[in-house]
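Engineer: Attaching a single structure in C-alpha cells format; questions to follow.
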Amino acid sequence: ACQELIHFAKPIIDKIYSLVSDTQNLISLHDTQGHMLAYACDEYYNRVQNITSFKLGVCWEEATIGTNGVSLSIILDQPVQLYGAEHFCVLQQDGTCSAAPIHDEKGKIIGCLNMSGKNKTSNLHTLGLVAAGAYSIESQLALYRSYELIDNTFSTIYEGLIVLDRDLCVAKASRR
C-alpha cells in the first residue's frame, strides 16, 4: 500500500516542490504512523538531514518527536499549520509545518502530505497548497481504483464487450 501511495504522490510532490524550490521548503509524504516515505527538498535540507528528522524512514509520530504538523494532521484528520514554538522539537522551532491528511476512497487516512520550511517562507497559502496536493493524490488514487475496477470487470466477463468513445472508436474491448 505504501508503494502505491508513493507512486501516485511523488509526481505531485515534485510539482509542488518545483513551485516553491527557491524558498527553503521540504515537501514530504508520510504513512499513517508518520514515517517519511518520500520527499523533495533543496540543498539546505540535504545538508541538515543527518542532524534532523528530515530523512526517509524517520517517524514523525507525536509520541516519537513531539507535536508537529504531520502528527496533528493525522490525529485530527484535517489540514493543520504549526509555527515556531508550537513544535515540540527545538530543532523545528524556527520553522513552519503545513500538513494535510490523505484519504482512500472510503475516507480512511492512508498518509499525510507535509511542507516544512523556515517561518519567513510560509503563510496561509502554504497550507492551501498542501491541502490541494493531498486532494490531488486522493483523486489520482480514486481514478486508478476506477480503472482497476473496469479492467477487472472486463477480464471476468465471458461475453464480448466493446466500449466506444465519442467518435465511435473502440476505447476498450474485452479479451474474449
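The values are calculated or read from the model by the stated rules, or taken from the named source; none is laboratory data. Only a predicted model underlies this, so the values are computations on that prediction, with no experimental measurement involved. Cβ coordinates were reconstructed from backbone atoms using ideal geometry, including for glycine residues, and neighbour counts include every protein chain displayed. Remember, those area values only see protein heavy atoms, side chains included, never the ligands or the DNA or RNA. Shrake-Rupley method; radii C 1.70, N 1.55, O 1.52, S 1.80 Å.
Engineer: Can you give me the number of residues within the range 1-23 that are open to solvent by 60 Å² or more (accessible area, probe 1.4 Å), touching a residue at least 40 places away in the same chain (Cβ under 8 Å) and under 18 Å from Cys97 (Cα atoms)?
Structural biologist: Residues meeting the conditions: 1.
Engineer: Would you pick out the residues in the range 106-138 that are at pLDDT 90 or above and not hydrophobic (A, V, I, L, M, F, W, C)?
Structural biologist: Listed by number, the residues that qualify are Lys106, Gly107, Lys108, Gly111, Asn114, Gly133, Tyr135, Ser136, Glu138.
Engineer: Which one of the conditions (1) among the aliphatic types (A, V, I, L, M); (2) at pLDDT below 90; (3) over 21 Å from Asp42 (Cα atoms) does Leu141 fail to meet, given that it meets all the rest?
Structural biologist: Among (1) among the aliphatic types (A, V, I, L, M); (2) at pLDDT below 90; (3) over 21 Å from Asp42 (Cα atoms), Leu141 violates only (2).
Engineer: OK, next. Could you list, in sequence order, the residues of the range 8-26 that are part of a helix (DSSP H, G or I) and farther than 21 Å from Leu143 by Cβ?
Structural biologist: Once the filter is applied, which keeps residues that are part of a helix (DSSP H, G or I) and farther than 21 Å from Leu143 by Cβ, the range 8-26 yields Tyr17, Ser18, Leu19, Val20.
Engineer: Could you please give the count of residues in the range 150-176 that are open to solvent by 100 Å² or more (accessible area, probe 1.4 Å) and touching a residue at least 12 places away in the same chain (Cβ under 8 Å)?
Structural biologist: Of the residues in the range 150-176, 5 are open to solvent by 100 Å² or more (accessible area, probe 1.4 Å) and touching a residue at least 12 places away in the same chain (Cβ under 8 Å).
Engineer: Could you check the range 68-103 and list, in sequence order, the residues that are outside any strand (DSSP E or B), at pLDDT 70 or above and crowded, with 16+ Cβ neighbours inside 10 Å?
Structural biologist: Residues satisfying the conditions are Asn68, Gly69, Val70, Ser71, Leu72, Ser73, Ile74, Pro79.
Engineer: Restricting attention to the range 27-39, does a residue exist that is in a helix (DSSP H, G or I) and open to solvent by less than 40 Å² (accessible area, probe 1.4 Å)?
Structural biologist: No, the range 27-39 contains no residue that is in a helix (DSSP H, G or I) and open to solvent by less than 40 Å² (accessible area, probe 1.4 Å).
Engineer: What do you reckon, is Tyr147 under 35 Å from the mean Cα position of the chain (by Cα) and either at pLDDT below 90 or over 28 Å from Asn114 (Cα atoms) (or both)?
Structural biologist: Yes; evaluated as a whole, the condition is true for this residue.
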